[in-house]
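Take a look at the structure below.
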Amino acid sequence: MAKRDLSYVCQSCGAVYNRWQGKCDACGGWNTISEETSLAATVPAAQRAGRKGRAVPLETLHGEAKPAPRLVSGIGELDRVAGGGFVPGSIVLLGGDPGIGKSTLLVQASAALAKAGHRVIYVSGEEAVDQVRMRAGRLGLAQAPVALAAETNAENILATFSAGAAVQFVVIDSIQTLWSDSVESAPGTVTQVRTSAQLLVRYAKQSGAAVILVGHVTKDGQIAGPRVVEHMVDAVFSFEGDGANQFRILRAQKNRFGPTDEIGVFEMTGTGLSQVPNPSELFLSHRDAGAPGTAVFAGMEGTRPLLMEIQALVAPSSLGTPRRAVVGWDSARLAMVLAVLDARCGVRLGGHDVYLNVAGGLRISEPAADIAVAAALVSSLTGAPLPPDAVFFGEVSLTGAVRQVSQAAARLKEAAKLGFNKVVMPQLADGSASGLEVDTISSLAGLVAGIAARAPRRAAMPKPAMSEQEG
Ligand code: TYD
Ligand code: MG
């Protein structure tokens, strides 16, 4: 008889304690710890009884057998994020806010793979079979030969998979609804999620099917509960977007079989998700080109150039500590750019509120956006619009110098393709072949002086400090 071991597990991060406490020391969550039967009690007795190990045959790095080809859904934006299609025998966690379109994306991917002749099983733990059918009907995919099941018991699901022909692609929607007979905790607890995920990982490796787990995300962006399965899976994708617009971005946070800096861009329409092959066009489509405070940044997302509009609003503050609000960029990076503007260019924003926004719900992680951010800030402060046909890129160092960034040629090519005529970029980058009018800058002060010269009300700029820097 197994001893009934109780342990106290944080439902948010999976940390285990031997007595209850109000706050989790590991993740700082309050009231997230609940009583569960410990995992040790669920290990079969034979495994615990000091069984002697069996030697396994060792192999070489160069295998004889060719790896199975990747499962290519034909949805290019999805396949690219996966690293060129799904790898057979791999397991992927797809996270995202409720209602963002995870089920829609996976129904579309399942239908595409099933139509290509693969055996696809879609297991819904959240919706009844009829609801999944209704969605497929709305997407015009009702005829696709996808096998459907509404089930939440992990053992039943695995038994279903092993009955019938070999399965190539499996969707579990969602991992939070699964429960396994082998543990006593309630469904949705960390122990249940972890155990069910373990069973599915083992199934994927043994059967060679690609398994996709859907996981819901909490408000602070963590994959709730299933954070504890992030390390078990081969890839973690997140599906992002805000409720206010129809763009959705698929991003790889971890990928054992592909790059993690690729994004896939989709648009949610009345008939499902459609791909956006040229996102720059989309993100710049509602641009208010002549207004002060906006700059176009020529960025890179993985291997793909992407033009994005950066909007800044600088307004005199009535607060003791002025407000800094950032959407889509790192707030620490904004603080740095503001400090460099202050210390090296004499642009004092200590008495101003600063709002910064990346249009279209995008998130930029590249330091190459520094110059575009600085240009938008100074443009908003001085009221001088930037040239509407110019793009900006370059990293700012703490000394106020502008540093070179990678892949300048790809950025210039994209800007030229979208009809831009000018580029403001670091020296050393070779822009001669792009056909754009190149304006190289070596220091942030040079950029500020250039924008200030266009300002209608010159008094806004502290001239002495600037000319000091220029000299
Ligand atoms: P869903 O895939 O159910 O989200 P998730 O699985 O991530 O919770 O998507 C639900 C939302 O998508 C819902 O608000 C309606 C919208 N939607 C469309 O706009 N068009 C469509 O064709 C479909 C199927 C859904
Ligand atoms: Mg869903």
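Read the figures in this text as sums done on the coordinates, not as results from a lab. These figures come from a predicted structure and were not determined experimentally. We place every Cβ from the backbone using ideal geometry, glycine too, and count neighbours over all the protein chains shown.
Some observations on this one:
- Charge dipole of region 135-290 about the Cα centre (unit charges at C-beta), most positive-ward option of ALA147, GLY264, GLY215: ALA147
- When the convex hull of its Cα atoms is viewed from all sides, region 310-398 shows a mean projected area of 5.7 nm².
- Zero-based 10 Å bins, Cα pair distances in region 115-206, whole percents: 16, 46, 30, 8, 0
- Percentage relative contact order, the chain, counting C-alpha pairs under 8 Å, at least six apart: 12
- Around the amide H of VAL327, modelled in the peptide plane, lie the amide H atoms of LEU356, ASN357, VAL358, all under 5 Å away and 5 or more residues distant in sequence or on another chain.
- Among the trypsin sites (Lys or Arg not before Pro) in region 361-421, those placed in a DSSP loop whose Cβ has at most 15 other Cβ atoms within 10 Å are ARG363.
- Taking all Cα pairs closer than 8 Å and separated by 6 or more residues, the relative contact order of region 370-435 comes to 33 percent.
- Applying the criteria of a DSSP loop state and at most 16 other Cβ atoms within 10 Å to the GluC sites (Glu not before Pro) of region 270-326 yields no site.
- The chain: translational diffusion in µm²/s, Stokes-Einstein, Kirkwood Rh over Cα pairs, 20 °C, 1.002 mPa s: 85
- Overall form of region 91-151: rounded. Here a/c, set by the Cα gyration tensor axes a ≥ b ≥ c, is under 1.5.
- Antiparallel bridge percentage (DSSP; both residues within the chain; nearest 5): 50
- Coupling constants for region 297-308 follow from the phi torsions by the Karplus curve (6.51 cos²θ - 1.76 cosθ + 1.60, θ = phi - 60°), and in residue order they are 9, 8, x, 10, 10, x, 8, 10, x, 9, 8, 9 Hz; glycine and proline get x.
- Annotation: peptides 89-96, 54-61, ranked by per-residue average of other Cβ atoms within 10 Å with the highest first, follow the order 89-96, 54-61.
- Quarter of Cα convex hull surface for region 287-332, i.e. mean projection, nm²: 4.5
- Each Lys and Arg contributes +1 and each Asp and Glu -1, all at the Cβ; summed about the Cα centre of region 350-456, the dipole is approximately 100 debye.
- Placing pseudo-labels 7 Å out from each Cα toward the beta carbon at ASP181 and ALA159 gives an inter-label distance of 0.6 nm.
- VAL72 paired with LEU398, simple spin-label distance in nm, labels 7 Å along Cα-to-beta-carbon: 4.8
- By average C-beta atoms within 10 angstrom, highest first, the peptides 120-130, 13-23, 231-241: 231-241, 120-130, 13-23
- Under 5 Å, built H, 5+ apart or other chain: amide partners of PHE237: LEU93, LEU94, GLY95, GLN253
- Assigned charges on the beta-carbon of Lys, Arg, Asp, Glu; region 380-442 dipole about Cα centre (debye): 100
- As a rough guide to protection, the peptides 104-112, 335-343 ranked by mean Cβ packing within 10 Å, highest first, stand as 104-112, 335-343.
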